[in-house]
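Okay, structure first, notes after.
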Amino acid sequence: MKRVMNKSIIQKCQQCNNEFKAYISNIKRGGNKFCSLSCKAKQYHLENPNYIHGTSEERFLKNIKISKDKNACWIWIGTIQTCGYGAIYINQKNTKAHRYSYEYFKGKIPKGKIIMHRCDVKICVNPKHLMIGTHLENAQDRNNKGRNNSCIGSSHGGAKLTEKDIKDIRKRHENGETQISIAKDYGIKQVTVSDINRRKIWKHVL
């Protein structure tokens, strides 16, 4: 039986069945189903048995498929980003799995450096296949091997514009149209139009 108490009621926790005081306003918003964050987490794991939890190290190691051939690629079976790289959630942000692998097995990545794949397999996290490099070296390696970076331009999953849009935006600005007017037509911010015209972004579009 629920008992009314000054805009709050006594609820039963959906996980442990203990009674606790819950505010009616929170209940209307779908909250106050559990007496504590611990019970909320326990219920979540019961409803999502495939969820992998634990330390960063444990979650990383559980998401690697290692071949019997130690020189073969170690395939990341966790979250995959739109651009094809594996990702692991560390310290409240997504980190590329191959970068985490390099630091876990080999050591800290120097500031300003990136991690390149010798095997050209984006979801590979075998430390033997990873090496330190620069953005320029990575671009040169990509061009030499005839690969395209799927994270650039309209091929990026989050892109709102196309390469043609970028050329049109720059042309309209050169013809004297205001950035605010252009931004409104494309559903973007004025500062984005400014960055496009100054070639701070979409630099690959000539």
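Please treat every number below as a calculation from the coordinates, not as lab data. Keep in mind that what you see is a predicted model, and the values were worked out from it rather than measured. Cβ: placed from backbone, ideal geometry, glycine included. Neighbour counts: every protein chain shown.
In table form, for the structure just shown:
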read-out	value
Selection from ILE182, LEU206, VAL193, by position along the positive dipole direction of segment 167-206 (Cβ)	LEU206
Formal net charge of residues neighbouring LEU206 (Cβ-Cβ distance under 12 Å; K, R +1; D, E -1)	+3
Dimensions (Å) - segment 56-151, Cα atoms, principal axes, largest first	36, 32, 26
Percent RCO, i.e. relative contact order, over segment 56-151, from Cα pairs under 8 Å lying at least 6 residues apart	24 percent
Unsatisfied cross-links (Cα-Cα over 26 Å) in the set LYS108/LYS203; LYS96/LYS189; LYS122/LYS184; LYS40/LYS62	LYS108/LYS203; LYS96/LYS189; LYS122/LYS184
Footprinting exposure proxy for HIS135, HIS98 (fewest neighbouring C-beta atoms within 10 Å first)	HIS135, HIS98
